[in-house]
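The values are calculated or read from the model by the stated rules, or taken from the named source; none is laboratory data. Model, not experiment: these values are computed from the prediction. Reconstructed Cβ throughout: ideal geometry from the backbone, glycine too, with neighbour counts over all protein chains shown.
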Amino acid sequence: MITTTPVRDDIRAFAAAVRAHLDDLPSDDVDDLLDGLEADLSDQAAEAGDAFELPDATTYAEELRAAAGLPERSVRTGGKRTPVLQIVRDGWRETGSFVRRSPAGAWLLDLSTSLRPLWWVLRAVVLYLFIAPFLWSGYGWMTGPVAHLIGAVQFPGIVLMTALLLVSVQWGRGRWAPNAIVRGLRTTATVFALLLAPFTVAGLGSSLQNMVWASSNDSMAAPPSTPGLSVDGERIRNIYAFDADGNPIPAVQLFDQDGDPLTTVGRDGGTQRSDSYFSGGGGPVPVPYVIPGGTDAWNVFPLREIPAGEQTWDEAYDLRNATLLPFPFDRVQPLPSAAAPTASATPTAEPSPTAEPTPTTVPGTATP
């Protein structure tokens, strides 16, 4: 006949507590570890009588783990999950302890500890470069991370950078984190900055490279074109023609190879009868020949001019005061007879608005 010892309530509660401390293990492993536990404890209680005492459930569960060669509990304790931050901290400390066992690892850890202030600054810079584009686009013609970094010495960038640097350094020193909310914000900002750091460095390098490339291209670019005719970058204001005998030609019409009027200066649009460059202080202001019923002729040389500083917005006044300036020479060296052009058949030019009868003028006299 088989007899069994009744299981006391405190033994049942103890077994349940031990099972709760082992709930991170597979159920089969837990069943193997706790097989016969209640019966064994009931037999021990019957033999010991009033002297029987139950051990601590947590300690007993850890001893069972060690005896079975199972890992220590790291996810659940007392039936509750361990906070993720605590797991990270514990893992970080264990990793540091492992690395510090070697001389090289200890030296590396000491060096990284001494460089912590640099990380505090880098954290502020990364957060600044993340926030700044949402507040302003750039500074002047510059854009991108380098522009915002340069803008950190100007308002309002200097305000934001100073605030982030101050908070980051104080957090690094263990200050300004009085409660769990602020500490959580500090941890979130640190992890966020750590993840963004490689992208920030890459963005700064790319932005700097683009700025250098753009600057070098600008320096090698061709100089801007000068409107009208120019020589070595200097605009030609007027042209004086001389015939083969060296005598001045009081009025001559010039055309290019396509039959288009050849002009040195010209109006900028509309009905303006002066050139904006010279009107703005570039010298005497040339004005065109006005042909009744035709288009203003800018290709009839020499052009009449208004002395610098005397022009007004009144076109009638401008034209009334326009004069032909004297030729630079009274006469020039005549061409040798061998170089004189010979008469030959030439194509007849098509009529153009400026190819109408040209007003006859003589140097030094005004033409209405």
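What do you reckon, is TRP176 part of a loop (DSSP other than H, G, I, E, B), modelled with pLDDT of 85 or more and either surrounded by 13 or more Cβ atoms within 10 Å (Cβ to Cβ) or out of contact with any Cys (no Cβ under 9 Å at 6 or more places or on another chain) (or both)? Don't jump to the end; show me each part of the working.
Values: part of a loop (DSSP other than H, G, I, E, B): yes; modelled with pLDDT of 85 or more: yes; either surrounded by 13 or more Cβ atoms within 10 Å (Cβ to Cβ) or out of contact with any Cys (no Cβ under 9 Å at 6 or more places or on another chain) (or both): yes.
Yes.
Which of the helices (runs of 4 or more DSSP H) contained wholly in segment 22-140 include at least 2 residues that are aliphatic (A, V, I, L, M) and modelled with pLDDT of 80 or more?
27-33, 37-48, 57-68, 103-114, 116-135
So that you can scan it fast, the table gives a plain yes or no per residue for (1) closer than 30 Å to LEU122 by Cβ; (2) outside the structural domain of VAL121 (by TED's automatic domain parsing); (3) at pLDDT below 75; (4) surrounded by 11 or more Cβ atoms within 10 Å (Cβ to Cβ):
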| site | (1), (2), (3), (4) |
| --- | --- |
| ALA193 | yes, no, no, yes |
| LEU208 | yes, no, no, yes |
| ILE236 | no, yes, no, yes |
| ALA241 | no, yes, no, yes |
| ASP258 | no, yes, no, no |
